[in-house]
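The next block holds one structure in the form of structure tokens; read it before the comments.
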Amino acid sequence: MTPPPVEYSEAVRRFLAQAALTPASRRVYLISLTGWSWALVGRPAPRGSQRRHAMPPLVPLAQLDDPRTGHRLAAALAQRAAVAGARTVNRELSTLRSATGWWADQAWIGTDPTLGLRNLTGEAPTLPALTEDQVARLYRASPGLREHALWRLLRQSAAPAEEILALDVGDLDLSRGRARRPATRGLPRGDGADGWISWDEQTTRLLRWLLAGRTGGPVFVTGRRAPADTGQAHTCPVTRRARLSYRRAAEIFTRATRPLDPAGHGWTLRQLRQAGCQPKKTSASA
């Protein structure tokens, strides 16, 4: 009989090995469970480019039975909720619950540190929309063409970030400054307002530059080639790069806006979207 694991990462490996998951889902689970390792030792997880190369802490699996672990996880959950949507946070919490439940069934841990944690409901948390001045400073601080186009499109359309990131090149109608909402793919084309995302001429120019030479695949892609098991629908046929995820887009945005935020925390994509929902002054140049 195989002895129980001593270290958290080994317990994660064994959990994923027995789980009925696709390769892509297994990778998502691994990223999520690795992220929780920082919370288990009461340390903030690295963000942005630092996270990509950071070595996760060594965590004894017995740490999950520590009475203080539940409080550490609750604090980490609140911090994560400040920069990610409720759906993302709840999915990450569900992944941890699945793992701890299986470990408990194996008698590797004696308590469930997630028992006191609650799923987020609705939009969490409620933060003020960015002002016109903040949006103008944001555009000047954008780190590259992809981010500038994404941020302008999100603000101009006031559409959910998940919907913007789901856009494919074939959804765009650049000559009219609009795109079919991903949910309407396969339906007869029409001019109903509910079926379209719209933006201004400057955003159209940015999108034309961004898509130069690309005729299909996701509009917004990562900076690296997609893993071999990435689905064709989420891979650019020209560059072989994968669709940009919400998690990555949110991290880039928060990191880029941290110097602009007086509190030093950085802003969220939701705050930018909310700015697009506000009445705009006719004299605004943003």
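Restricting attention to segment 108-124, and to residues there that are touching a residue at least 12 places away in the same chain (Cβ under 8 Å) and exposed (fewer than 13 other Cβ atoms within 10 Å of the Cβ), which single residue is nearest to Gln202 (Cα to Cα)? Before you say what the answer is, go through the steps one by one.
Residues of segment 108-124 that are touching a residue at least 12 places away in the same chain (Cβ under 8 Å), as a first pass: 108-117, 119-124.
This time we only want the ones that are exposed (fewer than 13 other Cβ atoms within 10 Å of the Cβ), so: 110, 115-116, 121-123.
Details: Gly110: 58, Leu115: 49, Gly116: 48, Thr121: 36, Gly122: 33, Glu123: 30 Å.
This residue is Glu123.
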Looking across segment 225-277 at residues that are closer than 20 Å to Arg146 by Cα and of a type in the set (Val, Ile, Thr), the single one that is surrounded by the fewest Cβ atoms within 10 Å (Cβ to Cβ) is Val238
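Take Asp173 and decide whether it is surrounded by fewer than 18 Cβ atoms within 10 Å (Cβ to Cβ), at pLDDT 90 or above and out of contact with any Pro (no Cβ under 8 Å at 6 or more places or on another chain). Walk me through how you get there before you give the answer.
Details: surrounded by fewer than 18 Cβ atoms within 10 Å (Cβ to Cβ): yes; at pLDDT 90 or above: yes; out of contact with any Pro (no Cβ under 8 Å at 6 or more places or on another chain): yes.
For Asp173, the condition - surrounded by fewer than 18 Cβ atoms within 10 Å (Cβ to Cβ), at pLDDT 90 or above and out of contact with any Pro (no Cβ under 8 Å at 6 or more places or on another chain) - is met.
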If you go through Leu93, Leu138, the only one that is more than 22 Å from Asp261 (Cβ to Cβ) and either assigned to a helix (DSSP H, G or I) or not assigned by TED's automatic domain parsing to the domain that holds Gln18 (or both) is Leu93
The residue from Trp36, Trp102 that alone is in contact (Cβ under 8 Å) with a residue 60 or more places away in the chain, part of a helix (DSSP H, G or I), crowded, with 19+ Cβ neighbours inside 10 Å and not polar (S, T, N, Q) is Trp36
Taking segment 219-234 and keeping only residues that are over 19 Å from Ser25 (Cβ atoms) and either part of a strand (DSSP E or B) or over 22 Å from the mean Cα position of the chain (by Cα) (or both), one is left with Val221, Gly223, Arg224, Arg225
(1) crowded, with 16+ Cβ neighbours inside 10 Å; (2) part of a helix (DSSP H, G or I) all hold for Ala17 apart from (1)
Does Ala250 fit the bill of being in a helix (DSSP H, G or I) and closer than 20 Å to Gly216 by Cα? no
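The values are calculated or read from the model by the stated rules, or taken from the named source; none is laboratory data. Since the model is a prediction, treat every value here as computed from it, not as a measurement. With ideal geometry, Cβ positions are generated from the backbone for all residues, glycine too; neighbour counts draw on all protein chains shown.
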